[in-house]
Structure formats: structure tokens, C-alpha cells
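To start, the structure under review is shown below, and the notes come after it.
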Amino acid sequence: MLRLDEFKEANVLDPADIRTVLVVTAHPDDIDFGGAGTVATLTDRGVEVVYCLATLGDAGGHDRTVNGRDMAEIRRAEQTAAAKHVGVTDIRTLGYPDGLLEPTLGLRRDIARVIRQVRPDVVITSTPERNYVRIGPSHPDHRAVGSAALDAVYPDARNPYAFPELLESEGLEPWTVREVWLIGSMTPTDWVDVTATVDRKIAALRAHESQTAHMTELDKMIRTMLATHAANAGLPEGSFAEAFQVVPTG
């Protein structure tokens, strides 16, 4: 991972210290647009990556003849297929309705539960801030899940007095996540070189047929975006990168 000079001395993780990563996003396909190349890079290194999807994805897609329940099943299967391209098999869904997500105490508790179950070194989630350069990352569900996930990381998952039922009834001991990587930020601090995994990222996106089949220039769009990230990171021409805002929690 490449870091801006002012962050090199910060309390950030060495890649060798990352053994488990939890991805918390709102919808099926969010991680594939925002970080599937990074996920593939991590799993290739032997890192365990777990997906946690807040919603069923029932309000997505472009076929208006498909009802929400059927769309949820379609998207579940698509995310399973997409995840295989980047080495992920553990996918958990919280079951919230697509398009209605809010950063409630209930959502914070549900994410904190998964954090305590998975015990990740890093959580990857969406930025809770609005992106005024590209509107796509600013879907209300994205901002809601990012806000709830950050609150679940700090203080909920690490605090034994937060949602005490997680410990008392479910036996889930507190856990401290060491870093959060935010997708879709206007102010990225770190970049991952995904030149070796960009084809798998695009394959994962194409697995989401209900969302991407109409995108005739998907390959070009993704490569252009990732080439821009790589240039911003100072990588050689012909490289591709994904961008994150890294938030240390120590």
C-alpha cells in the first residue's frame, strides 16, 4: 500500500500485520466497484476476507419486471459468484431493506456483532461523507453503512459495556479493529496497486449482471478510473490502483 508522506509515520498497519479483513458495505456489488482488486490482492497474500452486506439489494437492477424478493435472490447469487473471482467465500447479510438504510443503533449493534465474530485487523467500508466530485459513492445507503460501521468499530465493538447482550448472551468478547479503509472518499490517503488483479475485479463486476449488463463500456470505465488513481499515487504508466482513506483507530 502506498501512503502520502505525511502519513508514513502515522499509526498505520504494516501489510504483513494484516491477517483478517472485514468488508462492510450496503449492497451487493459495492465492494466490487470500490475495492475488489484490493480484496484479490489480499486473498492472494493469504489474508482472510469476509463480506458483510447490510441490505438485501432488493431495490437494485434495471429489469422492472423483477420484484424485490426475486431481485434479492438474484443479487445474492451474483455476489457469491463475484466473490469467488477474488477469493472470498464467507458472505454475511444483515437483511435490511435496500434504499432505506439508516445509521441506527440496531445497525451499529449488528455490525459490532460481526466484528466481534470475525475479529478483523482492518474493516473496509464506505465513507460516510458526501462525495461532491462523483455522486455514485454518496448513495444514502453507502453513507449510512459507513457511519454505522465507524461507530461499530469505535467504540461499540471494543467496549464491553456497549450492547452488553453481545457479551452476556452471545459470548462475543470485545475486539479492537486497528484500521478502517474508507471507499469513495474525496480525500484518499492510500492506494493499493491492483495492476495484477484488475482483470479479476472486472470479472467480479460482470458477475453482477443485473447491475452491469447494460454498461457496454464497463471495462474502459473501470480501467480509466483505476489508471487515474495510479497516476495520483505516482505509479508507473500502465498501472492501476484503488484508493482509500485510511483511518487508524489507535
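Only one entry in Asp30, Asp44, Asp70, Asp63 is in contact (Cβ under 8 Å) with a residue 24 or more places away in the chain, under 17 Å from His208 (Cβ atoms) and over 16 Å from the mean Cα position of the chain (by Cα), namely Asp63.
One residue alone among Ala77, Ala83, Ala149, Ala59 is of a type in the set (A, V, I, L, M), modelled with pLDDT of 95 or more and farther than 20 Å from Thr20 by Cβ, and that residue is Ala77. Filtered by the rule that a residue be on the phi > 0 side of the Ramachandran plot and buried (at least 24 other Cβ atoms within 10 Å of the Cβ), region 44-79 gives a lone residue, Gly57. The residues of region 153-166 that are without any contact (Cβ under 8 Å) to a residue 60 or more places away in the chain and either of a type outside the set (Ser, Thr, Tyr) or in contact with a Lys or Arg (Cβ under 6 Å, 6 or more places away or on another chain) (or both), listed by number, are Pro155, Asp156, Ala157, Arg158, Asn159, Pro160, Ala162, Phe163, Pro164, Glu165, Leu166. You will find that of Ile124, Ile135, the residue that is aliphatic (A, V, I, L, M), within 30 Å of Thr228 (Cα to Cα) and free of Cβ contacts under 8 Å to residues at least 12 places away in the same chain is Ile135 and no other. Residues that are part of a loop (DSSP other than H, G, I, E, B), more than 19 Å from the chain's Cα centre (by Cα) and farther than 22 Å from Gly60 by Cβ within region 207-243 comprise Gly234, Leu235, Pro236, Glu237, Gly238, Ser239, listed in sequence order. Those helices (runs of 4 or more DSSP H) of region 90-170 in which at least 2 residues are buried (at least 21 other Cβ atoms within 10 Å of the Cβ), within 18 Å of the chain's Cα centre (by Cα) and not aromatic (Phe, Trp, Tyr), considering only elements entirely within it, cover 105-118, 140-151. You will find that of Asp121, Asp110, the residue that is closer than 17 Å to Ala26 by Cβ and of a type in the set (Asp, Glu) is Asp110 and no other.
For region 155-188, a tally of residues being under 30 Å from Ala231 (Cβ atoms) and small (Gly, Ala, Ser) returns 2.
The values are calculated or read from the model by the stated rules, or taken from the named source; none is laboratory data. These figures come from a predicted structure and were not determined experimentally. We place every Cβ from the backbone using ideal geometry, glycine too, and count neighbours over all the protein chains shown.
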